[in-house]
Amino acid sequence: MDNIYRLSLLLFFTLLVTGCSSIHGSLSPSKQQSELHALVQTPTELEEGESPFCAVAEIQPELAPVKEIVRIPAPYTAKLYFLLDQVTFTLESELDAEKTYQTLLDRNDSEIRISGHTDTSATNSYNDALSQRRAEKVRQDLIDFGLSADAISIESEGEYRLLVLTPDETVEVMNRRVEINVR
């Protein structure tokens, strides 16, 4: 037992004194290495007489390529109001229309939905036709402004979706509108 202790102590001091240089020759290019070893082992710059076992490798992690973040624009809605029994904007909506059209042009959305509405001051069939003409007017304005006709769909709601609930034969400017919705 005493001999084993002395022998291990001698081996320990030998390795300590010689450093890692004595192990240097244990791996040669002719010896095969596992794939795992190749994946784990990072290349190091060695000076003459240094061992790859004693060298400290700088690990440079491979960063995944940065993917471009696609931002989807928030939904956009606008309302433009009309004069009684006409397809002409109110003065305020006339000013808002150009800003709205420019916003839609800048957004470059692929789907724009326009719905025309009326108040209850006429018959249902008349209001259906009037709301259709209002929606078509805004669609044509958008096309003239530079938006793609393929991106614009229209529908007419007549007096069926009122913003301000009113009885029949009631004039209400808030109900005479076109709504523009972009999702």
Checklist entry - Does residue 106 qualify as being of a type in the set (Asp, Glu) and in contact with a Ser or Thr (Cβ under 8 Å, 6 or more places away or on another chain)? => result no
(1) more than 30 Å from residue 127 (Cβ to Cβ); (2) over 38 Å from the mean Cα position of the chain (by Cα); (3) modelled with pLDDT of 60 or more all hold for residue 84 apart from (1)
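Quick check on my filter: what residues within the stretch 123-174 are of a type in the set (Gly, Ala, Ser), over 15 Å from residue 81 (Cα atoms) and touching a residue at least 40 places away in the same chain (Cβ under 8 Å)? Walk me through it before giving the result.
Taking the stretch 123-174 first, the residues of a type in the set (Gly, Ala, Ser) are 125, 129, 131, 135, 146, 148-149, 151, 153, 156, 158.
Subsequent filtering for residues that are over 15 Å from residue 81 (Cα atoms) retains 125, 129, 146, 148-149, 151, 153.
Passing the criteria: 146, 151, 153.
Can you tell me which residues in the stretch 112-150 are within 14 Å of residue 182 (Cβ to Cβ) and in contact with a Lys or Arg (Cβ under 7 Å, 6 or more places away or on another chain)? Outline the logic, then answer.
Taking the stretch 112-150 as the starting set, the residues that turn out to be within 14 Å of residue 182 (Cβ to Cβ) are 112-115, 138-139, 142, 147-148.
If the condition is that a residue be within 14 Å of residue 182 (Cβ to Cβ) and in contact with a Lys or Arg (Cβ under 7 Å, 6 or more places away or on another chain), then 114 is the only one that fits.
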Please indicate, with yes or no, whether at least one residue in the stretch 40-58 is outside any loop (DSSP other than H, G, I, E, B) and modelled with pLDDT under 85.
-> yes
Those residues of the stretch 73-97 which are touching a residue at least 40 places away in the same chain (Cβ under 8 Å) and of a type in the set (D, E, K, R) amount to 79, 85
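The values are calculated or read from the model by the stated rules, or taken from the named source; none is laboratory data. For clarity, every value in this text was computed on a predicted model and none was experimentally measured. Cβ atoms come from the backbone with ideal geometry, glycine included; neighbour counts cover every protein chain shown.
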